[in-house]
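Colleague: Provided herewith is a single structure, encoded as structure tokens, for subsequent inquiry.
Please treat every number below as a calculation from the coordinates, not as lab data. All values reported here derive from a predicted model rather than from experimental measurement. As a convention, Cβ positions derive from the backbone with ideal geometry for all residues, glycine included, and neighbour counts pool all protein chains shown.
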Amino acid sequence: MPLAQTVKLSAKASPLEDVVLRRPQPLSSLGTTDPELYQVYEYWQSRRREGLLPRRKDIDVLQLKPVLGHTHLVDVSAQDPAEYRFRLYGSKVRLDRFRNYTNSKVGDYPSEPYRNALIEDYSSVVWTGTPLYQHIVARLQSIPYSYSRLLLPLAEDGRKVNMLVVCTRDRVYPDFSA
């Protein structure tokens, strides 16, 4: 099952244009490449019951301590992915000079390339019900960003995803840049 991952970078991209590049990674690499995200993934796995997805109430945010401040909770119950809403936005996330997007809709994100990437990635996890681990580099308003991201689905009924836990870690990728 292919994951929706697009990399659209024009050879003529201006240094002033926003650019977002995402590189999917196998979940099996988390343990060696991203120990903090691996701890969160293992916690999420431990909260699954009988193979079903965990519910929001099954997740104790204090157990996400390795990535507290770098975690979002995204309500993905809307039919239109642009209407997905950040219920909590990590206070240590550097994007847009630490702007807080809590209670904002994904569709209101100011950068079109970044907004489109969020919609694509979040929708992929909603549709498949499977976690997604990525390396991401971006240039937004001429500022470079580089981080890893883990998206974990939650479902009140164990099947239909209605919330995502999104955890990030600032990282540098010498072989990957925007």
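Colleague: Modelled label-to-label distance, V61 and D80, 7 Å Cα→beta-carbon offset: nm?
Modeller: 2.7
Colleague: Something else: Would you kindly derive the ³J(HN,Hα) couplings of region 107-119 from the backbone phi angles with the Karplus curve 6.51 cos²θ - 1.76 cosθ + 1.60 (θ = phi - 60°), listing them in order in whole Hz, with x for Gly and Pro?
Modeller: 3J(HN,Hα) across region 107-119, in whole Hz: x, 8, 4, x, 8, 4, x, 5, 4, 4, 5, 4, 4.
Colleague: How do D75, D60 line up, fewest other C-beta atoms within 10 Å first?
Modeller: Listing D75, D60 from fewest to most nearby Cβ atoms yields D60, D75.
Colleague: Label R159 and T128 with points 7 Å out from Cα along Cα→Cβ: what is the distance between them in nm?
Modeller: So the two model labels end up 2.0 nm from each other.
Colleague: At a Förster radius of 30 Å, what calculated FRET efficiency corresponds to the Cβ-Cβ distance of S46 and R87, to the nearest 0.05?
Modeller: Plugging the Cβ-Cβ distance into 1/(1 + (r/R0)^6) gives 0.85.
Colleague: May I ask for the angle, rounded to the nearest 10°, between helix 35-46 and the longest principal axis of the chain, with both axes built from Cα atoms and the value confined to 0 to 90°?
Modeller: Helix 35-46 sits at roughly 30 degrees to that axis.
Colleague: Please find, in a Gaussian network model of the chain (springs between Cα atoms separated by less than 10 Å), the residue of L150, L37, L62 whose mean-square fluctuation is greatest.
Modeller: Its mean-square fluctuation being the largest, the pick is L62.
Colleague: Assign unit charges at the C-beta atoms only (+1 for Lys and Arg, -1 for Asp and Glu), then state the dipole size of the chain relative to its Cα centre in Debye, rounded to the nearest 20.
Modeller: 220
Colleague: Right, another one. Using a 10 angstrom cutoff on alpha carbons, build the Gaussian network for the chain and name the most mobile of S146, S29, S104.
Modeller: S29
Colleague: Please sort 153-159, 112-118 by packing, taking for each peptide the average over its residues of neighbouring beta carbons within 10 angstrom, highest first.
Modeller: So the order, starting with the most tightly packed, is 112-118, 153-159.
Colleague: Additional query: Select one label from (1) 0.98; (2) 1.42; (3) 1.05: the one whose number is Cα Rg over 2.2 N^0.38 Å as derived from the coordinates shown.
Modeller: Label of the calculated value: (1).
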